[in-house]
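Read-outs throughout are calculated quantities, based only on the coordinates presented, and are distinct from any laboratory measurement. Quick caveat: nothing in here was measured; it's all calculated off a predicted structure. All Cβ positions, glycine included, derive from the backbone under ideal geometry; neighbour counts span all protein chains shown.
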Amino acid sequence: MRLVACGVCHTDMYTASGVDPSGYAPTVLGHEGAGVVEAVGDGVDSLAVGDHVVTLFSPQCRECVHCLSPKTNLCLAIRDQQGKGHLPDGTTRLSRDGEPIRHFMGTSTFAEYTVMPEIALAKVSREAPLDRACLFACGLSTGLGAAMFTAAVEQGSTCVVFGAGMVGLGAVAGCRLQGAERIVCVDLSSERLEMARHQGATDTLVGGPHSVQQILDMTGGFGADHTIEATGSVAVMRQAVESARMGWGLATICGVAGKGETLDIVPRLLITGRRVAGSSFGGVKGRDQVPLLVQRYLDGDIDVDAFLSRRVGLDDVNKAFELMEAQDGIRSVIDFGS
Ligand SMILES: NC(=O)c1ccc[n+]([C@@H]2O[C@H](COP(=O)([O-])OP(=O)(O)OC[C@H]3O[C@@H](n4cnc5c(N)ncnc54)[C@H](O)[C@@H]3O)[C@@H](O)[C@H]2O)c1
Ligand SMILES: [Zn+2]
Ligand SMILES: [Zn+2]
């Protein structure tokens with residue numbers, strides 16, 4: 001696959017920093033890729049040269065016990081090899097001075113070309129500009145899917161989204177597409193809360209220790225039908241559980257917590273009907289559903305342009321990391337100049 005565009009995400013920076021317990025080096029980072037199929041191997045039948053594709057760090061084989069269940073998107077087919085930095089056949093296609101270099105998240109898209117398993121590419125409409133389509137490879141689909149698939153937000157419901165980065169803003173848009181009546185977004189940045197309004201938030205709150213009480217006050221003392229956490233902070237995850245409604249409130253957790261951190265929940269909150277669900281890649285079954293999400297963008301249902309803050313060249317990926325660390329913009333996208 002030839003890369004045309006690739007988003008720069010926290011997970012890349014996290015692994016580059018060396019603190020990721022499952023990380024390894026050397027490797028080629030990058031996992032928010034979009035581009036064009038340049039060649040196909042033997043036995044590939046769902047893709048052809050020239051197809052426009054989005055990379056899937058969360059593949060979909062359509063055959064394993066998880067792919068056959070509607071309850072999960074966690075495909076089992078190539079998990080072990082992908083975790084080791086190998087392609088499904090146990091080898092790598094990357095090397096430096098004759099030394100093999102491992103793949104990252106099964107994607108390694110900070111590169112002009114990458115070799116991908118067929119089951120880890122979603123074929124998308126050729127009408128979608130690839131610098132927008134790449135955002136569906138990770139954060140945007142994660143947020144949209146958390147609301148649309150994991151939580152399956154009902155029409156008319158009250159939702160609270162914690163965090164207004166790429167994932168949280170996607171979740172706000174997902175709640176809107178599901179027909180939520182009230183969407184409260186909580187973040188520390190007023191600029192990001194403004195973006196949340198643009199994506200469909202009806203109310204915004206500056207986050208802090210009082211967030212739970214504020215949400216209870218806004219909902220007649222009960223809490224929200226749905227809360228979605230997209231911050232990575234275990235303290236905020238706890239707030240998401242505590243601000244979910246008695247009886248049926250569902251807290252959907254998207255954030256990746258730090259190594260060794262745990263989530264504290266008072267069990268009484270669960271006995272009285274609150275539920276907690278984790279969401280990886282928004283529960284999106286990549287090959288089937290990423291093309292549908294991209295189509296909703298093409299139909300004018302999702303303003304993806306608002307997330308694309310900057311374009312950088314491949315050589316400037318460290319500059320994109322700096323911008324991310326400074327929370328300057330939502331997403332920088334690498335433009336491969338083709
Ligand atoms: N589950 C998945 O498959 C998946 C995929 C992508 C990213 N993630 C994770 O989702 C999380 C969000 O990703 P992102 O790219 O949107 O990150 P981001 O850093 O851009 O956004 C996080 C937001 O949370 C806000 N925040 C921090 N503390 C807060 C508080 N106390 N109250 C309210 N808001 C607060 C920040 O201001 C920021 O805007 C990260 O933990 C990331 O690792 C998970
Ligand atoms: Zn990502
Ligand atoms: Zn599978």
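Summary of values
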{"item": "MRE, 222 nm, helices only [DSSP H, n ≥ 4, -39500 (n - 2.57), over the chain, to nearest 500]", "result": "-7500 deg cm²/dmol"}
{"item": "Exposure proxy ranking, count of Cβ atoms within 10 Å, fewest first, for LYS259, LYS84, LYS285", "result": "LYS259, LYS84, LYS285"}
{"item": "Hull shadow area, averaged, the stretch 152-278 [alpha-carbon convex hull, nm²]", "result": "6.9"}
{"item": "Long-range HN-HN contacts of ALA224 with modeled amide H, under 5 Å", "result": "ALA244, ARG245"}
{"item": "Set of aspartates and glutamates with alpha-carbon distance to LYS319 below 16 Å, sequence-local pairs under 8 removed", "result": "ASP12, ASP328, ASP335"}
{"item": "For ARG62, distant residues with modelled amide H under 5 Å away", "result": "none"}
{"item": "Difference of contour (0.36 nm per residue) and Cα-Cα distance, GLU191 to GLU325", "result": "46.6 nm"}
{"item": "Acute angle (nearest 10 degrees) that the helix 190-199 long axis makes with the longest principal axis of the chain, alpha-carbon atoms", "result": "80"}
{"item": "Segments 47-58, 222-233, 21-32 sorted - mean Cβ within 10 Å per residue, highest first", "result": "222-233, 47-58, 21-32"}
{"item": "Kirkwood Rh in Å, taken over the chain so that all alpha-carbon pairs contribute", "result": "20.2"}
{"item": "Rounded tilt (10° steps) of 286-298 against the dominant C-alpha axis of the chain", "result": "70"}
{"item": "Angle in degrees between helix 166-177 and the longest Cα principal axis of the chain, rounded to the nearest 10", "result": "60"}
{"item": "Listed residues LEU140, LEU293, LEU68, most fluctuating in the chain (Gaussian network, C-alpha, under 10 Å)", "result": "LEU68"}
{"item": "For the chain, with +1 on Lys and Arg beta carbons and -1 on Asp and Glu, the positive-most of VAL317, LEU169, ILE330 along the dipole", "result": "LEU169"}
{"item": "Amide H partners (placed H, <5 Å) of VAL312, local residues excluded", "result": "VAL333, ILE334, ASP335"}
{"item": "Kirkwood Rh (inverse of mean 1/r, distinct Cα pairs), the stretch 139-215, angstrom", "result": "11.8"}
{"item": "Relative contact order (percent, whole number), the stretch 152-278, Cα cutoff 8 Å, 6+ residue spacing", "result": "22"}
{"item": "Inter-probe distance in nm under a simple model that places probes 7 Å from Cα toward Cβ, at THR262 and GLN213", "result": "2.8"}
{"item": "Residue among ASP80, ASP42, ASP89 with the largest mean-square fluctuation in a Gaussian network model of the chain, springs linking Cα atoms under 10 Å", "result": "ASP42"}
{"item": "Those lysines that a straight Cα-Cα span of less than 24 Å connects to LYS285, excepting residues fewer than 8 apart in one chain", "result": "LYS71, LYS84, LYS123"}
{"item": "Within a Gaussian network of the chain (alpha carbon springs, distance under 10 Å), most fluctuating of MET218, MET195, MET324", "result": "MET218"}
